[in-house]
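K.L.:
Just passing along the structure, written as structure tokens.
The values are calculated or read from the model by the stated rules, or taken from the named source; none is laboratory data. These figures come from a predicted structure and were not determined experimentally. Cβ placement follows ideal geometry from the backbone for every residue including glycine, while neighbour counts extend to all protein chains displayed.
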Amino acid sequence: MKRTLTFFLLLPLALLTANSAKAQDFYFGNDLSYVNQMEDCGADFKEWMQPKDVYDLYAERGNDLVRVRLWVDPAWQEELNQPAGVKPVYSNFEDVKETIQRSKAAGMQVLLDLHYSDFWADPGRQVIPSRWYDIAFDEEALADSVYNYTHKVLSDLNTEGLMPEMVQVGNETNSGMMTHRSMDENFEATEPISSSWQRHAKMFNTGIQAVRDVSATSTVDTKVVLHYAGVGSGLDWWYQNAISNGITDFDVIGFSYYYAWHGSSVEAVGEQIGSLSQSYPDKEIMILETGYPWTDENFDSNGNIITDTTPEYSPPSPSVQLDYLVNLTKEVMASGGHGVIFWESAWVTTSCTTPWATGSSHDHVVFFEPFTDNFIGSGGGLWLDPGFYVDMNSIQVIYKVDMNGQDQSNGVYIAIDENEDGLKISKRMYHEGYGIYSYTTYLSPGTETASFFHTGSDPQNRETVPAACATSGVRVTTVSNANMETGYQWGTCDAIAGAGSRDLLLTISAS
């Protein structure tokens, strides 16, 4: 096929239009609750090994929704031994305000996650804030406090032009809101208060009403989100109970899905979303938390908390993590869902400590290299690209080049026609290590691509592809029906072995 080699650094208009429409209908999100603290702890987020504002990085990659948690009085952090320059407390109002400011400045919407606790609220730990300890068994007084607290938080944000587009009333509230009064020395919930759905409904509806009342005074029409942790029969049961007990004035059915804990397949999650969409056509369906590792290695003293991977996406590697997230997102889209949020993709390893250990329990999950904090340009962070979802049958294609002996100082690029329209778009390639560079994309089976490699951003600084493996001076590849990888040594017809991204990455990161 003869191709006209016209070069553009921007996407074709037709693709931009398709991507924009898709992004408006679907939320690509990340929970960035740890980001501000990680920066204070010494994290130096980078892209292409150059310092980069992390909020801008996410926005430019395609993230359009930032989730951030808010604790009521998280004073327990003051007892942690943190490095100099680290604030005593995070995930309080001032920290959350900073996250919302920076997110909106980067053009992203915000989902505010109200935990109604001083500590992490989850299925087994819904501990009432310490300021409400004395009224734990007084439902009317507690409901009044929930309303006043929610109303003040949102009113203060709204006054500063920071009203969130979504508010989550409670976090992973499988057992209800504020069902325990205290925690023990291991941060486990103690002193049960109540398991009554009547009480649950009062707390939820009070919080929801506060959101509605403030939203009515704002230019932002804030959506109300509820949150269950898990899939399967429990997810169906919880929302049936919530609605039958009078918790009806909400917009989003949200849930957590981690293979490591919930065990369901990607396909089964899609089927359940489809069922929920039919049962509750007036609600949006979103995965509020998910995560998948790119390695089984641990890089600090804080143990990994996601340790199991599904056989279909094993062993873990950056490209496998990406494929898992893209396929999960495709399944959610195809089933009528409205968004996916990845949990704590920037909780990198630092010298800061948690209640359990120093470092991060997500260093094997985050979208950044350990020790360098450089964005992994071949891993899960790429899932945010709306272009991957224009064709829901597209498959992962990885192009690699061996640059040993060549000038790499200005970066390595691939000029590639992904749309068979003659337009060549230069894409920067990610350094996997040992002089191997890669570019990962998703293309329709049967697509024929024309490409060549070049150094620096100017395509004129290109390789000369030998005639023996060139068509009109370019490399031509036909996309197969399954994930594929192709690679060459610069300026030759010699193929390179499919060196594992994971092993290369770990080698350069530890050096």
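K.L.:
Please determine whether any residue of the range 312-322 is assigned to a loop (DSSP other than H, G, I, E, B) and touching a Leu at 6+ places or on another chain (Cβ under 9 Å).
P.N.:
Within the range 312-322, one or more residues are assigned to a loop (DSSP other than H, G, I, E, B) and touching a Leu at 6+ places or on another chain (Cβ under 9 Å).
K.L.:
Quick check on this structure: which one of Ile273, Ile208, Ile247 is assigned to a loop (DSSP other than H, G, I, E, B) and either more than 30 Å from Asn158 (Cα to Cα) or without any contact (Cβ under 8 Å) to a residue 60 or more places away in the chain (or both)?
P.N.:
Ile247
K.L.:
What number of residues within the range 258-270 satisfy the criterion of being of a type in the set (Phe, Trp, Tyr) and either modelled with pLDDT under 95 or in a helix (DSSP H, G or I) (or both)? Write out each step before concluding.
P.N.:
To start, the set of residues in the range 258-270 that are of a type in the set (Phe, Trp, Tyr) comprises 258-259, 261.
When the remaining residues are screened for being either modelled with pLDDT under 95 or in a helix (DSSP H, G or I) (or both), the result is 259, 261.
Final tally of qualifying residues: 2.
K.L.:
Spot the failing condition for Asn419; the list is (1) assigned by TED's automatic domain parsing to the domain that holds Gln77; (2) touching a helix residue (DSSP H, G or I) at 6+ places or on another chain (Cβ under 8 Å), and only one is missed.
P.N.:
Answer for Asn419: the failing condition is (1).
K.L.:
So, one more: Quick one: which residue in Leu13, Leu5 is among the hydrophobic types (A, V, I, L, M, F, W, C), over 22 Å from the mean Cα position of the chain (by Cα), surrounded by 15 or more Cβ atoms within 10 Å (Cβ to Cβ) and modelled with pLDDT under 95?
P.N.:
Details: Leu13 fails: surrounded by 15 or more Cβ atoms within 10 Å (Cβ to Cβ).
Of Leu13, Leu5, the one residue that is among the hydrophobic types (A, V, I, L, M, F, W, C), over 22 Å from the mean Cα position of the chain (by Cα), surrounded by 15 or more Cβ atoms within 10 Å (Cβ to Cβ) and modelled with pLDDT under 95 is Leu5.
K.L.:
If the requirement is being within 21 Å of Ser130 (Cα to Cα), under 31 Å from the mean Cα position of the chain (by Cα), of a type outside the set (Val, Ile, Thr) and surrounded by 14 or more Cβ atoms within 10 Å (Cβ to Cβ), which of these qualifies: Asn186, Asn205, Asn171? So that I can check it myself, show each step before the final result.
P.N.:
Numbers: Asn186 fails: surrounded by 14 or more Cβ atoms within 10 Å (Cβ to Cβ); Asn205 fails: within 21 Å of Ser130 (Cα to Cα).
None of the other options fit; the residue is Asn171.
K.L.:
Further question on the same structure: If a residue has to be of a type in the set (S, T, N, Q), assigned to a loop (DSSP other than H, G, I, E, B) and surrounded by fewer than 23 Cβ atoms within 10 Å (Cβ to Cβ) to count, how many in the range 358-412 make the cut?
P.N.:
So the answer is 9.
Each row is one residue, and each column tells you yes or no for (1) touching a strand residue (DSSP E or B) at 6+ places or on another chain (Cβ under 9 Å); (2) crowded, with 21+ Cβ neighbours inside 10 Å; (3) at pLDDT 95 or above; (4) in the same structural domain as Thr358 (by TED's automatic domain parsing).
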| residue | (1), (2), (3), (4) |
| --- | --- |
| Leu57 | yes, no, yes, yes |
| Ala75 | no, no, yes, yes |
| Thr99 | yes, yes, yes, yes |
| Ala106 | yes, no, yes, yes |
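K.L.:
Here's something else I'd like to know. Scan the range 157-169 and report the pairs whose first residue is farther than 12 Å from Ile100 by Cα and in the same structural domain as Leu226 (by TED's automatic domain parsing) and whose second residue is of a type in the set (Phe, Trp, Tyr) and modelled with pLDDT of 95 or more, with Cβ atoms within less than 7 Å and a gap of 6+ or a chain change.
P.N.:
Val169/Phe204
K.L.:
Among the numbered criteria (1) in contact (Cβ under 8 Å) with a residue 24 or more places away in the chain; (2) over 26 Å from His431 (Cα atoms), which one does Pro311 miss?
P.N.:
Of the numbered conditions (1) in contact (Cβ under 8 Å) with a residue 24 or more places away in the chain; (2) over 26 Å from His431 (Cα atoms), the odd one out for Pro311 is (1).
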